[in-house]
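The values are calculated or read from the model by the stated rules, or taken from the named source; none is laboratory data. Given the structure is predicted, the values throughout are model-derived calculations rather than measurements. Note that each Cβ is placed from the backbone with ideal geometry, even for glycine, and that neighbours are counted across all protein chains shown. SASA here: full protein model, heavy atoms, side chains in, ligands and nucleic acids out. Shrake-Rupley method; radii C 1.70, N 1.55, O 1.52, S 1.80 Å.
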Amino acid sequence: MGKDLERILVSEEELRSKIKDIAGRIDEDYAGKDLLLVGVLKGAVMVMADLARALHCPVQMDWMAVSSYGAGTKSSGVVRTLKDLDTDIAGRHVLVVEDIVDSGLTLSWLIRNLKSRGPASVEIFAMLRKPDALKTPIDVKYVGFDIPNEFVIGYGLDYAERYRNLPFIGTLAPHVYGGK
Ligand code: 5GP
């Protein structure tokens, strides 16, 4: 995998300590509440697994799969539900767990969709946020790291279904995706 990687942007240690911090905030914010974590497949698998284990408050977990990037590196803007929740979220406190927010298209669609089901609250935790996300009206309550506008992989994030298992966040050498 070495020659495909350009550099490490967020190390395993930085991810671990950020998860601990954010889990502490979530524990406080949701004390005494019944929290449902909604992970967005497949990218959020690692964040969800680590966050859930770092939390001390009791939670339930559910998953949604929506279409985002295909094998390329640009958002198509088209969002489709591939797998819906198994849980009825009416009256529930929902925390959407996302790997990354870029254009915000995926999340704004998802939040609209979830809010239409009458939850008690819907908030977002995104481990990574790219600069374009700041131009959207989406309010991401918990943000792990603000990163530059580069295509990143690892810790759940893929390029053509590869690299999800890297324990850190890195950038891909341009030759891998047909760049210079
Ligand atoms: P948005 O709709 O905010 O533009 O993009 C959200 C989705 O696009 C993310 O959930 C993720 O699946 C994908 N995505 C956005 N930026 C990146 C990136 O730098 N690397 C990877 N692997 N996926 C990304």
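Structural remarks
- Unique match (being open to solvent by less than 60 Å² (accessible area, probe 1.4 Å) and either modelled with pLDDT of 90 or more or in contact with a Pro (Cβ under 6 Å, 6 or more places away or on another chain) (or both)) among Val79, Val96: Val96
- Residue among Tyr155, Tyr177 that alone is at pLDDT below 95 and of a type outside the set (Asp, Glu): Tyr177
- Restricted to the stretch 130-174, and to residues there that are closer than 21 Å to Leu114 by Cα and charged (D, E, K, R), the residue that is least open to solvent (accessible area, probe 1.4 Å) is Lys141.
- Which listed residue is farther than 23 Å from Leu36 by Cα and near the ligand (Cβ under 8 Å from one of its atoms), from Val152, Val79, Val176, Val101: Val152
- The set of residues in the stretch 80-103 being more than 22 Å from Ile26 (Cα to Cα) and small (Gly, Ala, Ser) consists of Ser103 alone.
- Ile111 vs. criteria surrounded by fewer than 22 Cβ atoms within 10 Å (Cβ to Cβ) and of a type in the set (A, V, I, L, M): yes
- Filter pass, Tyr159 being more than 24 Å from Ser17 (Cβ to Cβ) and in contact (Cβ under 8 Å) with a residue 12 or more places away in the chain: yes
- Test result for Phe125, within 13 Å of the ligand (Cβ to nearest atom) and either open to solvent by less than 30 Å² (accessible area, probe 1.4 Å) or touching a residue at least 40 places away in the same chain (Cβ under 8 Å) (or both): yes
- Residues within the stretch 14-68 that are in contact with a Gly (Cβ under 8 Å, 6 or more places away or on another chain), in a helix (DSSP H, G or I) and within 24 Å of Trp109 (Cβ to Cβ), tallied: 5
- If you go through the stretch 48-76 and keep only what is among the polar types (S, T, N, Q) and either open to solvent by less than 40 Å² (accessible area, probe 1.4 Å) or modelled with pLDDT under 95 (or both), you end up with Ser67, Ser68, Thr73, Ser75, Ser76.
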